[in-house]
1. I need the full set of residues from segment 187-212 which are of a type in the set (A, V, I, L, M, F, W, C) and in contact with a Phe, Trp or Tyr (Cβ under 6 Å, 6 or more places away or on another chain), in order please.
2. Out of (1) closer than 20 Å to Met120 by Cα; (2) crowded, with 17+ Cβ neighbours inside 10 Å, the odd one out for Arg76 is which?
3. When you go through (1) closer than 21 Å to Arg8 by Cβ; (2) in contact with an Asp or Glu (Cβ under 7 Å, 6 or more places away or on another chain); (3) surrounded by fewer than 20 Cβ atoms within 10 Å (Cβ to Cβ) one by one for Gly71, which number turns out not to apply?
4. Restricting to segment 205-244, give me the number of residues that are within 14 Å of the chain's Cα centre (by Cα), in a helix (DSSP H, G or I) and of a type outside the set (Ser, Thr, Tyr).
5. For Thr159, which of the numbered conditions (1) part of a helix (DSSP H, G or I); (2) more than 18 Å from Asn310 (Cβ to Cβ); (3) polar (S, T, N, Q) fails to hold?
6. Consider only pairs whose beta carbons are under 7 Å apart and that are at least six residues apart or on different chains; among these, list those whose first residue lies in segment 38-59 and is without any contact (Cβ under 8 Å) to a residue 40 or more places away in the chain and whose second residue is aliphatic (A, V, I, L, M) and part of a strand (DSSP E or B).
7. How about segment 1-102: which helices (runs of 4 or more DSSP H) wholly inside it have at least 2 residues that are charged (D, E, K, R) and either farther than 24 Å from Cys224 by Cα or at pLDDT 95 or above (or both)?
8. Is it true that some residue in segment 277-286 is free of Cβ contacts under 8 Å to residues at least 60 places away in the same chain and part of a helix (DSSP H, G or I)?
Amino acid sequence: MSYRSDERLNWLSDRLDTTVTQLDRASEDASFRTYWRAQVANQSYILMDAPVSHENSEPFVRIATLLAAHGLHAPRILHQDLSRGFLLLEDLGSVTYSDGFGTRQPEPLYEAAIDALIDMQCIDPRSLPKYDHTLLMSEMELFKEWLLTQHLGIVLDSTALQNWSRTGKLLSDAALEQPQVFVHRDYHSRNLMVTERNNPGIIDFQDAVCGPITYDLVSLLRDCYQLWPDDMVESLINRYLQRAEASLPIPLNSDQFRVWFDWMGIQRHLKASGIFCRLHHRDGKSGYLNDIPATLTYIINIAGRYSELNWLCELVSERVMEPMRQSLRSRS
């Protein structure tokens, strides 16, 4: 809205003690936050606009400070006005990992991201909200509510609902039996910036929680937006386990870790596909619909490896995948 645009410019001009006449959109976001780039006296800044009616920026400030204190490359906060929902941030550049894959080999980028992830998991997570059973289940319900019912018109009968609840509990239990560590919650290729110093730059961390040790690694290696060969993913899991053994005070069994990794990925992809539909129906952001087939493919491929998850595999492969593809074709 024009009044908010003027407010942004005036606030930034006051903070930088100069007249700022133009802000360029820096990135899109799935939330109500918007990010704007300002060029002032050969210096680039990012202004985060998080309207207080929809967003609370206090967690962003708190987690950014925590990450920086542990040597991780979160953007420095140069000015803040939480009462109005404005933050002036260090500009980490415009090249995300997702962008960088076009010109750089992915393995070195992922190796740096895994090293940073291990450092992040060394942070004491006890001050963070817990990724508990209620949150895990509510996230999976997004799949049923927004993708099945709202988007595809699929209503589960009583038997299917029982299977749905049983499957959700299995996935939640598997998450909660893991060591609980600092979890970024969106540690993937669109939230990691390619930087010359202390790569990667880390953004979108405000929803950090104390949760399952595999969650961020799944977000990174089973990204909703990138698909990599299994041998590459396996090699990077091995790198993670080697670093974790050396750096974390947590004994990890590699076979058990891989099961946790698989099941955590299913929980995350159920959540993500539900969120993508919610963004379309509730918020008018339809671009994420195109990412849903990849998330469904992951669920089918991984759930099919485990007899306990056969029902979910059959549901998605037989009742969800083709109607989802048809809905996308009808939009094109």
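1. Leu192, Val209
2. The one condition Arg76 does not meet is (2).
3. Unmet for Gly71, out of (1) closer than 21 Å to Arg8 by Cβ; (2) in contact with an Asp or Glu (Cβ under 7 Å, 6 or more places away or on another chain); (3) surrounded by fewer than 20 Cβ atoms within 10 Å (Cβ to Cβ): (1).
4. Residues in segment 205-244 being within 14 Å of the chain's Cα centre (by Cα), in a helix (DSSP H, G or I) and of a type outside the set (Ser, Thr, Tyr): 5 in total.
5. So the condition that Thr159 fails would be (2).
6. Ala38/Leu47
7. 2-16, 58-69
8. No: segment 277-286 contains no residue that is free of Cβ contacts under 8 Å to residues at least 60 places away in the same chain and part of a helix (DSSP H, G or I).
The values are calculated or read from the model by the stated rules, or taken from the named source; none is laboratory data. Small disclaimer: the values here were computed from a predicted structure and weren't measured. Note that each Cβ is placed from the backbone with ideal geometry, even for glycine, and that neighbours are counted across all protein chains shown.
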